[in-house]
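J.: Can you read through this structure? Questions will come right after.
The values are calculated or read from the model by the stated rules, or taken from the named source; none is laboratory data. In this text, all values refer to a predicted model and were calculated from it rather than measured experimentally. Here Cβ is always computed from backbone atoms with ideal geometry, including for glycine, and neighbour counts include all displayed protein chains. Calculation scope for accessible area: heavy atoms of the full protein, side chains included, ligands and nucleic acids excluded. Shrake-Rupley method; radii C 1.70, N 1.55, O 1.52, S 1.80 Å.
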Amino acid sequence: MALSEQFFEDEIHPIDIVEHIAEHHDWDFDRLGDDQIAMAVEGQWRTYSVTLAWSGYDETLRMVCTFEMEPPKHKLPELYELLNAMNDQCWAGAFSYWSDQQLMVYRYGLVLAGGQVASPEQINTMIHAAVLSSERYYPAMQLLVWGDRTPKEALQVAIAEAYGRA
């Protein structure tokens, strides 16, 4: 059954939809308030913290997917160069590094201006895209920070998108 079949045509709060998706996937989650939810999503490389927040002011569903990263300070310029190259390849969302919190962050905002409503499939895809992007580039970040590779060399290990099937 499609995720959207669970909902009626009435307007449903986006965070209620996210909570349903978390339950559907059996992810650990914590409803932080009416407009915010945090989840733990298991990936191949690590567990990612995914937080979604609804802003009624600008009608945007904001998502951040984070994981801890503690690169040595002398590696930060190269890490920022790698992030720029990674972001050139990401069409939806972008990576940044929050040095004060020592977090790698993938951010995305779904604008729902004019009273638009996000479907469960859209939100589910948004979450999965964040985790897939994090999984794709995680090895490159590790090689750069701990493997003494250049940004260009590290980026070459990023797993390319696969098309078709085996």
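J.: I'm told Y106 meets every condition in (1) free of Cβ contacts under 8 Å to residues at least 24 places away in the same chain; (2) in a strand (DSSP E or B); (3) open to solvent by less than 40 Å² (accessible area, probe 1.4 Å) except one. Can you identify the failing condition by its number?
T.: (1)
J.: Here is a follow-up. Does P77 fit the bill of being over 22 Å from A40 (Cβ atoms) and in contact with a helix residue (DSSP H, G or I) (Cβ under 8 Å, 6 or more places away or on another chain)?
T.: no
J.: Output the residues belonging to region 83-103 that are closer than 16 Å to A130 by Cβ, assigned to a helix (DSSP H, G or I), without any contact (Cβ under 8 Å) to a residue 60 or more places away in the chain and among the polar types (S, T, N, Q).
T.: Answer for region 83-103, where residues must be closer than 16 Å to A130 by Cβ, assigned to a helix (DSSP H, G or I), without any contact (Cβ under 8 Å) to a residue 60 or more places away in the chain and among the polar types (S, T, N, Q): just N87.
J.: Sort out which residues of region 110-131 are open to solvent by less than 40 Å² (accessible area, probe 1.4 Å) and part of a strand (DSSP E or B), and write them in order of number.
T.: L110
J.: Something else: Out of curiosity, is V157 touching a Leu at 6+ places or on another chain (Cβ under 9 Å) and outside any loop (DSSP other than H, G, I, E, B)?
T.: no
J.: Additional query: I need the full set of residues from region 33-62 which are out of contact with any helix residue (DSSP H, G or I) (no Cβ under 9 Å at 6 or more places or on another chain) and among the hydrophobic types (A, V, I, L, M, F, W, C), in order please.
T.: A38, A40
J.: If you don't mind, there's one more thing I want to ask. Name the one entry in T51, T66 that is in contact (Cβ under 8 Å) with a residue 12 or more places away in the chain, part of a strand (DSSP E or B) and within 25 Å of R149 (Cα to Cα).
T.: None of the other options fit; the residue is T66.
J.: Within region 69-82, which residues are open to solvent by 40 Å² or more (accessible area, probe 1.4 Å) and not in a helix (DSSP H, G or I)?
T.: Once the filter is applied, which keeps residues that are open to solvent by 40 Å² or more (accessible area, probe 1.4 Å) and not in a helix (DSSP H, G or I), region 69-82 yields only E70.
J.: Here's a check for you: in region 46-67, which residue that is among the charged types (D, E, K, R) and at pLDDT below 95 is nearest to the chain's Cα centre (by Cα)?
T.: Only one residue tops the list, namely R46.
J.: Can I ask one more? So how many residues does region 9-48 have that are assigned to a strand (DSSP E or B) and within 19 Å of Y106 (Cα to Cα)?
T.: So the answer is 10.
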